[in-house]
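Asker: What follows is a single structure, and I will ask about it in a moment.
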Amino acid sequence: MSSTLLEQYLRIQIAVTAYASDLRERMREQAGQTTVEWLVIMVGLTALAAALVGTGVWGSVASGIASAVGTLITKTIGHAV
C-alpha cells in the first residue's frame, strides 16, 4: 500500500469520526430544545383553556356538543328500530 493511499485513508477516517462525533453532540443539544418547545406549547394550551373557562365559552361549547351527541344517538336509535 502506498504512503499516499494510506494518508488519504487516515484523513477520511478522521473526517468521518469527527463528523459522527459532531452529529452526536448536535443531537444531544437538540433533545433539550424539543422538551422546551413542548413545554411552551403545553403552557400556551393551558393558558388558552383557562381564558376560555374564564369567559364562559366552555358552557356553550359543552351544551352544543351534548346537543349534537344527543341528536346523533336519537337518529341512530331511530334507524336501528
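Asker: Report whether or not Thr71 is among the β-branched types (Val, Ile, Thr) and within 18 Å of the chain's Cα centre (by Cα). Reasoning before the result, please.
Answerer: Details: among the β-branched types (Val, Ile, Thr): yes; within 18 Å of the chain's Cα centre (by Cα): no.
In short, no.
Asker: Follow-up. Out of all the residues in the range 8-28, is one or more surrounded by fewer than 10 Cβ atoms within 10 Å (Cβ to Cβ) and acidic (Asp, Glu)?
Answerer: No: the range 8-28 contains no residue that is surrounded by fewer than 10 Cβ atoms within 10 Å (Cβ to Cβ) and acidic (Asp, Glu).
Asker: Separate question: Return the only residue of Leu39, Leu5 being more than 33 Å from the chain's Cα centre (by Cα) and either assigned to a helix (DSSP H, G or I) or of a type in the set (D, E, K, R) (or both). Step through it out loud before you land on a result.
Answerer: On the way: Leu39 fails: more than 33 Å from the chain's Cα centre (by Cα).
Sole residue among the options that is more than 33 Å from the chain's Cα centre (by Cα) and either assigned to a helix (DSSP H, G or I) or of a type in the set (D, E, K, R) (or both): Leu5.
Computed from the coordinates by the stated procedures, all read-outs in this text should not be read as laboratory data. Please read all numbers here as calculations on a predicted model, not as lab measurements. Positions of Cβ are backbone-derived with ideal geometry, glycine not excepted, and every protein chain shown enters the neighbour counts.
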